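What follows is one structure encoded as structure tokens, with my remarks underneath.
Each value in this text was obtained by applying a stated rule to the coordinates, not by laboratory testing. Note that this is a predicted model, so its numbers are computed, not measured. Don't worry about glycine lacking a Cβ; one is built from the backbone with ideal geometry, like all the others, and counts go over all protein chains shown.
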Amino acid sequence: MKFIHLTDIHVTDPGATLFGQSPNLTLERCIDDIGRAHSDADLCVITGDLTHNGTGSEYMAARGILDRLGPRKLMLIGNHDQRGPALDHLSELVADNNGFLQQAIQTEAGVFVLMDTKTEGTNAGSYCPARQDWLAQILQEHHDQPVWLFMHHPPFDTGLPAMDQIAMAPQDADAIARLAIEHGDARHLFFGHFHRPMSGTWKGIPFSSHRSMMIQCALDFEKAGEVSGIFEEPQYAVVTINQNMTRIHYHDFDSSAARLSMGEPEH
């Protein structure tokens, strides 16, 4: 199975810019590149911050751009999103019984669990007892299958102190870890929010993320009172899954770096 991971697309109203750049135009170039190079992808999963301000007009703009994306689209919300307008305009989103926008999708590789980590009134994440109960039920229903977790906020510290202040509440992260470990076959955790490429393992679960469609967060292990931005290239990830491995390539699709031939491979 092959899918594309996109995150933090931050769609604005048409013509608007963020930090002097247009995330809408960047997303359009991204979709063009996916269409050229990865038309065989089964899915595209977008892990939140679908828009920048969460307005109806931004979701309408997002709808128009994302309709150009060939693979089936799965998505979840981030801190910049608003549940009501998002649900009104993006048919891929589904509300659970408590109004949180989360769902489980059956795929040939197992169950993709799309989680809602938004907290009203703050950029930080949370996963309250009602959402934990939903996750527990989903994991129990699919106890005999691999699960792949998708969320916006990472449930762990990354070493970037400014951004870690707006990650997930520790007690909620502990609850997610407990449920995932009890399930016993959580294969990977995909997230966004940090606008940086990173990977590793958390509680024995591999994780990964990558850059956004707008300005990126700089690699800064010192500043706690200010988020440092940097104009690095945007990325998407190409994920291939089989029974034996999960392979992730990060692609700087908008890079101006020159390509050249290095000759034939030598054995």
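The table below gives the values:
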quantity: Dipole magnitude of the stretch 2-251 about its Cα centre (Cβ charges: Lys, Arg +1; Asp, Glu -1), debye to nearest 20; calculated: 360 debye
quantity: Local electrostatic count, residue 43, Cβ distance below 9 Å [Lys/Arg +1, Asp/Glu -1]; calculated: +2
quantity: With at most 10 neighbouring Cβ atoms within 10 Å, loop GluC sites (Glu not before Pro) (DSSP) excluded, longest segment of the chain; calculated: 1-107
quantity: Inter-part distance where the stretch 86-126 and the stretch 197-264 are each reduced to a Cα centre, Å; calculated: 23 Å
quantity: Of 235, 171, 128, farthest towards positive along the dipole that unit charges on Lys, Arg, Asp, Glu beta carbons give the chain; calculated: 235
quantity: Charge-dipole axis of the chain as Lys and Arg at +1 and Asp and Glu at -1 on Cβ define it, positive-most pick from 39, 119, 104; calculated: 39
quantity: Point-charge dipole on Cβ atoms (K/R +1, D/E -1) for the stretch 135-267, about Cα centre, debye to 20; calculated: 100 debye
quantity: Leading residue at positive end of dipole, the stretch 2-251 (Cβ point charges), from 208, 76, 14; calculated: 208
quantity: Loop-located chymotrypsin sites (Phe, Trp or Tyr not before Pro) in the stretch 1-81 whose Cβ has at most 10 other Cβ within 10 Å (DSSP); calculated: 19
quantity: Net charge over other residues, Cβ less than 14 angstrom from the Cβ of residue 116 (K, R count +1; D, E count -1); calculated: -4
quantity: The chain: calculated mean residue ellipticity at 222 nm from DSSP helix runs of at least 4, using -39500 (n - 2.57); calculated: -7000 deg cm²/dmol
quantity: Relative contact order for the chain, counting Cα pairs under 8 Å that sit 6 or more residues apart, in percent; calculated: 19 percent
quantity: Residue-by-residue Karplus 3J(HN,Hα) for the stretch 232-248, coefficients 6.51, -1.76, 1.60, Hz, glycine and proline x; calculated: 8, 5, x, 9, 10, 10, 10, 10, 10, 10, 9, 5, 9, 7, 10, 10, 10
quantity: Kirkwood hydrodynamic radius of the stretch 1-136, Cα pairs, Å; calculated: 15.5 Å
quantity: Reach of residue 73 by Cα under 16 Å, taken over lysines that are not fewer than 8 positions away in the same chain; calculated: 2
